[in-house]
Amino acid sequence: MSTQPERAGLEASRLITVLANELKPVPPPQELRFGQSMTDHMLFASYDPVNGWSAPEIKPYGPFTLEPNSSCFQYGTSAFEGMKAYVGPDGEPRLFRPEMNIARFARSAARMSLPPFNPDELLKLIKALVAVEKRWIPAGKGYSLYIRPMIVAIGLLTSNTALLWVMCAPTGPYLKGGSQALSLLAMRDTVRAWPGGTGEYKVACNYGPTINPVQAALDKGYDQTLWLLGDKITEAGVMNVFIVLKRDDGGIDLITPPLDGTILPGVTRDSILALAAAHPARMTLPGLAPTTLLHPSERTMTMTELQAWLAEGRLLEMFSVGTAVVVQPIGNIGYDGKDIALPTFEGGRGPVGQALYERLTDIQDGRFEWEGWSVRCED
Ligand SMILES: *Cc1c(COP(=O)(O)O)cnc(C)c1O
């Protein structure tokens, strides 16, 4: 009787590093466009149902060949992540709450029946890649190295043969115009996600179909789409949304839609809820009075409510959040043929959005220590 050999897990101790012979010139920070120039190296591993994970490799970034009948092309069996490495004043490369991205990556992969991997091992490998690509991390506020892990199925009908890779690109501030308020077009005919669907996973099939509606919004002069589900506000483009409301007791409500399966559980969203909850008892947010009480909550918000809050003068700020933009103010919503003007502020963000932006970027760059959120890549 033959015994089935055990399939190998993804193991950082098996890492093989082959460095590029020639390194590319690093573009000057002011010339960076989102995701345009890739760094010199990538992390790569493959999985097959007999052997399990191959020894992971750090090797020169470059193309590879795939069978035309690979499942990822035909059925979109692919999942991805978006995270960033930062260098702070101490010159140390850092990741921001990377275990949250990797856990989400594993959930997205599982939803597409892609093979499992050990999240701790993948984190070690990503740290090793960032350490190799350290010279590519631009310094300065708003600058970082964007890290894109991907996992795709290359089998035919099943997802059990797969490739996993991690690639990096230096980035500057996401949108030209910096923190200028966005004008969103609320979509009435198309939805991004629906109950029982895959909206809470970062899987390729959620994103391809949004390119066309986003282009339609751009063609009409808007910057992004506002995704609704009936009357419910869900997300803005590929960002989570927050509304800041004045309360009767003088405090401030900070609300965002609950994770009901149609919302992508953003790391930035989670971080903002946590930072708001810590103010002022455990930490004061920069520029906000310690007497200003913030009440973060996850609750449904509708277009009907938004218009009522605006009419009552209770709506103070609306902003979108995500790894790429951090905190981006929203100044206008196109809705049923008219424009709803939201409060706007000189310099872009309102006081609550600005306070959260400052604290979050200080933590990301390693200028402010908070709950182990900023993780060094080199020990
Ligand atoms: C990635 C993403 C976000 C933001 O998540 P972060 O972890 O904060 O970057 C929000 N919405 C959608 C649809 C996304 O794909």
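The figures follow:
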{"item": "Qualifying residues in segment 306-326 (those that are touching a residue at least 40 places away in the same chain (Cβ under 8 Å) and not aliphatic (A, V, I, L, M)) - the one surrounded by the fewest Cβ atoms within 10 Å (Cβ to Cβ)", "result": "Gly313"}
{"item": "Enumeration of residues in segment 60-73 that are touching a residue at least 12 places away in the same chain (Cβ under 8 Å) and either of a type in the set (S, T, N, Q) or buried (at least 17 other Cβ atoms within 10 Å of the Cβ) (or both)", "result": "Tyr61, Asn69, Ser70, Ser71, Cys72"}
{"item": "Meets criteria (within 13 Å of the ligand (Cβ to nearest atom) and either within 21 Å of the chain's Cα centre (by Cα) or outside the structural domain of Val152 (by TED's automatic domain parsing) (or both)) for Gly197", "result": "yes"}
{"item": "Qualifying residue in segment 241-255 (condition: within 15 Å of the ligand (Cβ to nearest atom), open to solvent by 10 Å² or more (accessible area, probe 1.4 Å) and of a type outside the set (Val, Ile, Thr))", "result": "no"}
{"item": "Single residue of segment 89-146 satisfying the filter (open to solvent by 30 Å² or more (accessible area, probe 1.4 Å) and of a type in the set (Lys, Arg)) that is farthest from the ligand (Cβ to nearest atom)", "result": "Arg135"}
{"item": "Check on Ala274, assigned to a loop (DSSP other than H, G, I, E, B), within 13 Å of the ligand (Cβ to nearest atom) and closer than 22 Å to Gly82 by Cα", "result": "no"}
{"item": "Qualifying positions in segment 274-292 - surrounded by fewer than 16 Cβ atoms within 10 Å (Cβ to Cβ) and touching a strand residue (DSSP E or B) at 6+ places or on another chain (Cβ under 7 Å)", "result": "Ala277"}
{"item": "Filter result for the condition that a residue is part of a loop (DSSP other than H, G, I, E, B), among the charged types (D, E, K, R) and either crowded, with 22+ Cβ neighbours inside 10 Å or within 11 Å of the ligand (Cβ to nearest atom) (or both), over Arg188, Arg192", "result": "Arg192"}
{"item": "Selection count, segment 227-240, where residues are in contact with a helix residue (DSSP H, G or I) (Cβ under 9 Å, 6 or more places away or on another chain) and either of a type in the set (Ser, Thr, Tyr) or within 16 Å of the ligand (Cβ to nearest atom) (or both)", "result": "8"}
{"item": "Total residues in segment 342-354, condition buried (at least 20 other Cβ atoms within 10 Å of the Cβ) and not in a helix (DSSP H, G or I)", "result": "4"}
{"item": "Condition check for Lys202: of a type in the set (D, E, K, R), surrounded by 21 or more Cβ atoms within 10 Å (Cβ to Cβ) and either touching a residue at least 60 places away in the same chain (Cβ under 8 Å) or touching a His at 6+ places or on another chain (Cβ under 7 Å) (or both)", "result": "yes"}
{"item": "Residue within segment 251-259 that is assigned to a loop (DSSP other than H, G, I, E, B) and either in contact with a Ser or Thr (Cβ under 7 Å, 6 or more places away or on another chain) or among the hydroxyl-bearing types (Ser, Thr, Tyr) (or both) present", "result": "yes"}
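The values are calculated or read from the model by the stated rules, or taken from the named source; none is laboratory data. None of the values given here were measured: they were computed from a predicted structure. Note: ideal-geometry Cβ built from the backbone for every residue, glycine included; neighbour counts use all protein chains shown. We work out accessible area using only protein heavy atoms, side chains counted, and drop any ligands, DNA or RNA first. Shrake-Rupley method; radii C 1.70, N 1.55, O 1.52, S 1.80 Å.
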